Amino acid sequence: MKYRSWKVLALAVCAMTAAAVQAKSIAGAIAFGYGTVTVPGGVLNSAGGISGYQGVLGPGTQPLVLAGSQTGDYSAVPNGTSVLWSPFSFGDTSFTLWSLEAGGTTFSFKATSISIVQQNDTFLDLKGNGIASITGFDQTPGTWTITINSDGTQFTFGATTSVPAPDGGNTVWFLGACMLGLILGHKSLMLKSKTCLTIHR
């Protein structure tokens, strides 16, 4: 009776562990462009952030999703979808970088770090880590990049967000560990049973 209770408990723990590992994480990539940005002071090599964004359709519009850039869980986002971008300072540590709506689903990305890869008179390259969110999915760690090219006083904008697929090997490892626990536990109970029989003799 004790063995049966222990086995049921172990199976329940295994099931919960497997369910936790198999959470509905986001995976895929998406790119953005068709727009320009403004920077404080209007000079790229001394910019301390991005103060505004504008789409190719003029004032009041936003950069768009680049056609054919969507993969994985971002595949449902139509080409040319307008994307709301947030201004930020290079000293910021947590902010919503971008968000969009497509087919009743909200897609967004929260930046949690910023690194300046290169910055000069004509080029600014930024990257960082963050958390991707999609309606119906678990929040998932990802990375982002923004590149800005200067053409006179106009700063052309381009960006990507990438969320790598989770390591499926963890699920196999956890399930294997659970099965090993069941086997070892069963053998331990058998040994105890044999020891008892020996004593009674």
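Yes/no matrix, rows are residues, columns are (1) of a type in the set (G, A, S); (2) at positive phi; (3) surrounded by fewer than 20 Cβ atoms within 10 Å (Cβ to Cβ):
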residue: A67; (1), (2), (3): yes, no, yes
residue: S75; (1), (2), (3): yes, no, yes
residue: S94; (1), (2), (3): yes, no, yes
residue: S99; (1), (2), (3): yes, no, yes
residue: F109; (1), (2), (3): no, no, no
residue: T112; (1), (2), (3): no, no, yes
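Of all residue pairs spaced 6 or more apart or on separate chains, none has beta-carbon atoms under 9 Å together with a first member in region 37-50 that is under 12 Å from P87 (Cβ atoms) and not assigned by TED's automatic domain parsing to the domain that holds L126 and a second member that is assigned to a helix (DSSP H, G or I) and among the aliphatic types (A, V, I, L, M). When region 25-60 is examined, which residues are found to be farther than 19 Å from F123 by Cα and at pLDDT 95 or above? Within region 25-60, S25, I26, A27, G28, A29, I30, G55 meet the criteria.
Flag not set for L57, criterion: farther than 13 Å from I30 by Cα and touching a residue at least 12 places away in the same chain (Cβ under 8 Å). Among the residues examined, S108 does not qualify as farther than 28 Å from G58 by Cβ and of a type in the set (G, A, S).
Only one entry in N129, N79 is exposed (fewer than 15 other Cβ atoms within 10 Å of the Cβ), without any contact (Cβ under 8 Å) to a residue 24 or more places away in the chain and outside any loop (DSSP other than H, G, I, E, B), namely N129.
When the criteria are applied in full, T106 fails the requirement of being within 13 Å of the chain's Cα centre (by Cα) and assigned to a strand (DSSP E or B).
The values are calculated or read from the model by the stated rules, or taken from the named source; none is laboratory data. The model shown is predicted, which means the values in this text are computed figures rather than measured ones. Virtual Cβ from ideal backbone geometry, glycine too; neighbours counted across all protein chains shown.
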